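Notes to accompany the following structure.
The values are calculated or read from the model by the stated rules, or taken from the named source; none is laboratory data. Predicted, not measured: the structure shown is a model, and the values here were computed from it. Ideal geometry is used to build each Cβ from the backbone, glycine not excepted, and the neighbour counts take in all protein chains shown. These area figures cover heavy atoms from the full protein model, side chains too; ligands, DNA and RNA do not enter into them. Shrake-Rupley method; radii C 1.70, N 1.55, O 1.52, S 1.80 Å.
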Amino acid sequence: GQQVMQIPQYQHVQEGEDFTTYCNSSTTLSNIQWYKQRPGGHPVFLIQLVKSGEVKKQKRLTFQFGEAKKNSSLHITATQTTDVGTYFCAGRGLTGGGNKLTFGTGTQLKVEL
Amino acid sequence: EAGVTQSPTHLIKTRGQQATLRCSPISGHTSVYWYQQALGLGLQFLLWYDEGEERNRGNFPPRFSGRQFPNYSSELNVNALELEDSALYLCASRFDPGPAGYTFGSGTRLTVV
C-alpha cells in the first residue's frame, strides 16, 4: 500500500533559525496536504498542493510539491515559538482509496529561545 | 459554525470490553473519516463514511467497525479491546466536492487497562 515518510522525525532549533521537513511518497500523488498539530491538540489543515512543481507561500511558510508528484517539503523561515508542533504531510493517491488521505510519519518541531 | 465534535473526550475501558466513540461533522459535510493516533505516532486511517455508506477501511481488524447515520454523524465501535488500542481517535469531516482539507475534531483519548 501507499506509504508516506517524513524526515527528520524530530528537529530542535533556536528561535530565528530556519526549519525544513521533507515528505516522500512511495507512489505518485494526485495532491498533497500539510497539517500542523500543536502539542495536545488535533491536526489543523494548512494547505493543499496539486500541480507538479507547485510552490505556495503562507507568510513565513513555503510549501513545495515535487516535479514527479512524489515528494514535498515545508520550509519555515525564522522560526518562532508559535511554530512548535508536529507537521504532517498527507497524500492522496492517483487511483483507488477514494478520498482517503495517507498521513506521513510527521516531523516534531521544538523551538528554543 | 460549530466544528467537528467528538464524544467522549476521554474513555477508560478494560481489556476485552467494547468502546463506542461518536462524531458529529460540520453541518453540511457528508464525509466522515476516522483515524487512530497512538502516542507519539502518526495518523493511521481507519474508516471513511460518505452518505451513510462505508467507502473505505484501513488495515485494521474487523473488531474495528462503525456506521454513519442519516444526519451524517458517525460512530466508531471497537470490540474486544486490547491494550494496544489505547490511542487518540480522531474524526474528521469534509464536504465532497468542496474545500480540500479535513477538519478534525479534538479526538477521544481511549485508554485500555
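Do you know which of the residues in region A:6-21 that are open to solvent by less than 90 Å² (accessible area, probe 1.4 Å) and β-branched (V, I, T) is farthest from A:Q33 (Cα to Cα)? Ranking the candidates gives A:V13 first. Within region A:27-43, the set of residues being crowded, with 16+ Cβ neighbours inside 10 Å and within 8 Å of chain B (Cβ to nearest Cβ) comprises A:N31, A:Q33, A:Y35, A:H42, A:P43.
If you scan region A:22-77, which residues turn out to be farther than 14 Å from B:G101 by Cα, hydrophobic (A, V, I, L, M, F, W, C) and in contact (Cβ under 8 Å) with a residue 12 or more places away in the chain? A:C23, A:L29, A:L61, A:F63, A:F65, A:A68, A:L74, A:I76 - these are the residues of region A:22-77 that are farther than 14 Å from B:G101 by Cα, hydrophobic (A, V, I, L, M, F, W, C) and in contact (Cβ under 8 Å) with a residue 12 or more places away in the chain.
The residues listed here are B:Y89, B:Y49; of these, the one that is in contact with a Ser or Thr (Cβ under 9 Å, 6 or more places away or on another chain), under 14 Å from A:K100 (Cα atoms) and crowded, with 18+ Cβ neighbours inside 10 Å is B:Y49. Can you spot a residue in region A:72-91 that is modelled with pLDDT under 95 and either farther than 25 Å from B:W34 by Cα or more than 10 Å from chain B (Cβ to nearest Cβ) (or both)? Checked region A:72-91: at least one residue is modelled with pLDDT under 95 and either farther than 25 Å from B:W34 by Cα or more than 10 Å from chain B (Cβ to nearest Cβ) (or both).
Could you check region B:92-113 and list, in sequence order, the residues that are assigned to a strand (DSSP E or B), within 14 Å of another protein chain (Cβ to nearest Cβ) and surrounded by fewer than 22 Cβ atoms within 10 Å (Cβ to Cβ)? Full working, then the answer.
Looking only at region B:92-113, we keep the residues that are assigned to a strand (DSSP E or B), and these are B:92-94, B:103-104, B:108-112.
Filter again for within 14 Å of another protein chain (Cβ to nearest Cβ), leaving B:92-94, B:103-104, B:108-109.
Once the filter is applied, which keeps residues that are assigned to a strand (DSSP E or B), within 14 Å of another protein chain (Cβ to nearest Cβ) and surrounded by fewer than 22 Cβ atoms within 10 Å (Cβ to Cβ), region B:92-113 yields B:T103, B:R109.
When the residues of region B:64-78 are filtered to those that are buried (at least 16 other Cβ atoms within 10 Å of the Cβ) and assigned to a loop (DSSP other than H, G, I, E, B), which remaining residue is nearest to the other protein chains (Cβ to nearest Cβ)? Give the steps one after another, and end with the answer.
So in region B:64-78, the residues buried (at least 16 other Cβ atoms within 10 Å of the Cβ) come out as B:64-66, B:68, B:72-76, B:78.
In the following step, the residues that additionally are assigned to a loop (DSSP other than H, G, I, E, B) were identified as B:72-73.
On the way: B:Y72: 15, B:S73: 18 Å.
Filtering region B:64-78 for residues that are buried (at least 16 other Cβ atoms within 10 Å of the Cβ) and assigned to a loop (DSSP other than H, G, I, E, B), the one nearest to the other protein chains (Cβ to nearest Cβ) comes out as B:Y72.
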